[in-house]
1. Give the number of residues within the range 264-298 that are in contact with a strand residue (DSSP E or B) (Cβ under 7 Å, 6 or more places away or on another chain) and not in a loop (DSSP other than H, G, I, E, B).
2. Of Arg87, Arg52, Arg19, Arg68, which residue is free of Cβ contacts under 8 Å to residues at least 24 places away in the same chain and either touching a helix residue (DSSP H, G or I) at 6+ places or on another chain (Cβ under 7 Å) or surrounded by 14 or more Cβ atoms within 10 Å (Cβ to Cβ) (or both)?
3. Would you point out the residue of the range 90-129, among those that are surrounded by fewer than 16 Cβ atoms within 10 Å (Cβ to Cβ) and among the charged types (D, E, K, R), that is farthest from the chain's Cα centre (by Cα)?
4. Just to be sure, is Tyr146 in contact (Cβ under 8 Å) with a residue 12 or more places away in the chain and in a loop (DSSP other than H, G, I, E, B)?
5. I need a count of the residues in the range 130-148 that are surrounded by 20 or more Cβ atoms within 10 Å (Cβ to Cβ), more than 20 Å from Leu293 (Cβ to Cβ) and more than 14 Å from ligand 1 (Cβ to nearest atom).
6. Can you find a residue in the range 235-244 that is small (Gly, Ala, Ser), over 20 Å from the mean Cα position of the chain (by Cα) and under 28 Å from Pro130 (Cβ atoms)?
7. Name the residue, out of Tyr209, Tyr152, that is within 11 Å of ligand 2 (Cβ to nearest atom), closer than 20 Å to Gly335 by Cβ and either at pLDDT below 95 or surrounded by 23 or more Cβ atoms within 10 Å (Cβ to Cβ) (or both).
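The values are calculated or read from the model by the stated rules, or taken from the named source; none is laboratory data. Small disclaimer: the values here were computed from a predicted structure and weren't measured. Cβ sites come from the backbone with ideal geometry, for glycine too, and all protein chains shown count toward neighbours.
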Amino acid sequence: MKNLLVTGGAGFIGANFVRYVVAQHPAVHVTVLDKLTYAGNRANLAGLPANRVQLVVGDIADATVVDRLVRRVDAVVNYAAESHNDRSLRDPAPFMQTNILGVYTLLQACRQYDVRFHQISTDEVYGDLPLRQNGVGAKFTPTSRYQPSSPYSATKASADLLVNAWVRSFGLRATISNCSNNYGPYQYVEKFIPRQITNILSGRRPKLYGNGANVRDWIHVTDHSRAVWEILTRGTVGETYLIGANGERSNRDVLALILKLMDQPADAFDWVKDRPGHDVRYAIDASRLRDELGWHPEVTDFETGLRQTIAWYRTHPDWWQGSKATVEADYRQNGQ
Ligand code: NAD
Ligand code: DAU
């Protein structure tokens, strides 16, 4: 694994993966293909050595650029996607284009040049789970039924089905990972945790959807990166791996912790309109990843990870201030 193509590598999780590879695997050269949509940012790759990382600005649905890059690498890891549920409810079109046709384009090129492919998917392809009763609740497994709720998750589910079909019909050497909610540095300010942190830092009030009882299964982004590397280099072709760190928390509890860590009163937030079709709960059973590949999360204390994330946004105002007003104006227009 000497030459990697990381698509979507200028976004939140992709850039963290590129940084992880550069730091931990010195023999690997990374080419990033990224369209630099509203969520992509050159600054996410700032400071990385030019002889280790090359950024190509382009679209994963553009067969010409994809062909030119795929033919010269050993593997492709696809992070590129339209990734935000709320946006997919307002305008699903770019989700269809990138998350389905873009993946199709990558698959065709990897098939042609027999290149190893890894698809970054999401736990949301499995729909949602009921809230725990007396502390007990089911978890998603690799055999859970696909029943996505939003246009976003439906396009991610579609991509997974394409990958599996290319493995079976064309012998493509591919794997899929379905991860739970990530947090950490470089996450765009539209997402829940950075939105609330930057609301407080910019004198706005945090916003909680619905009744705040919805549960997400949080994992630190560096643990996600390590898991993807293990799957890419040691995983079984054709398999799906679920990635999660036993980090279930309600949105209300996460916000309460952010308010506490940022010295705000416990009631210093606004309740806002709920998301239509809002998934109730996610929870990951990552047994295959742990048992087969020996992966374990290293950031096991959510409060510590969150404190470090708050510190990152506090010390990087130039990174987020430019997009904050636009993101909040869009949310305001939507009643959120
Ligand atoms: P993000 O929105 O921060 O980044 C997406 C990146 O993809 C951006 O750099 C963007 O410019 C790029 N991109 C979009 N369309 C493109 C195209 N057509 N061609 C090339 N590049 C394009 O997203 P993220 O949160 O970093 O998520 C990355 C991946 O991980 C996505 O596939 C997402 O579905 C998946 N995922 C995210 C989470 C999470 O908690 N954020 C959890 C599990 C899985
Ligand atoms: O589970 C993995 C998924 O996690 C990824 O596939 C997606 O790409 C990623 O965006 C994330 O999806 P969510 O919809 O769970 O993330 P989001 O940050 O948008 O919202 C997290 C929860 O917080 C969700 O229940 C909605 C709620 N929320 C969100 C925002 C932005 C609020 O209560 N207030 C807010 O302001």
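1. Result for the range 264-298: 7.
2. Arg68
3. Among those residues, the one meeting the criterion is Asp114.
4. yes
5. 0
6. The answer is no, given that none of the residues of the range 235-244 is small (Gly, Ala, Ser), over 20 Å from the mean Cα position of the chain (by Cα) and under 28 Å from Pro130 (Cβ atoms).
7. Tyr152
Every residue, every condition in (1) within 16 Å of ligand 1 (Cβ to nearest atom); (2) closer than 30 Å to Asp270 by Cβ, yes or no:
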| site | (1), (2) |
| --- | --- |
| Thr155 | yes, no |
| Gly171 | no, no |
| Arg195 | yes, yes |
| Gly212 | no, yes |
| Asp217 | yes, yes |
| Val221 | yes, yes |
| His224 | yes, no |
| Ala227 | yes, no |
| Leu232 | yes, no |
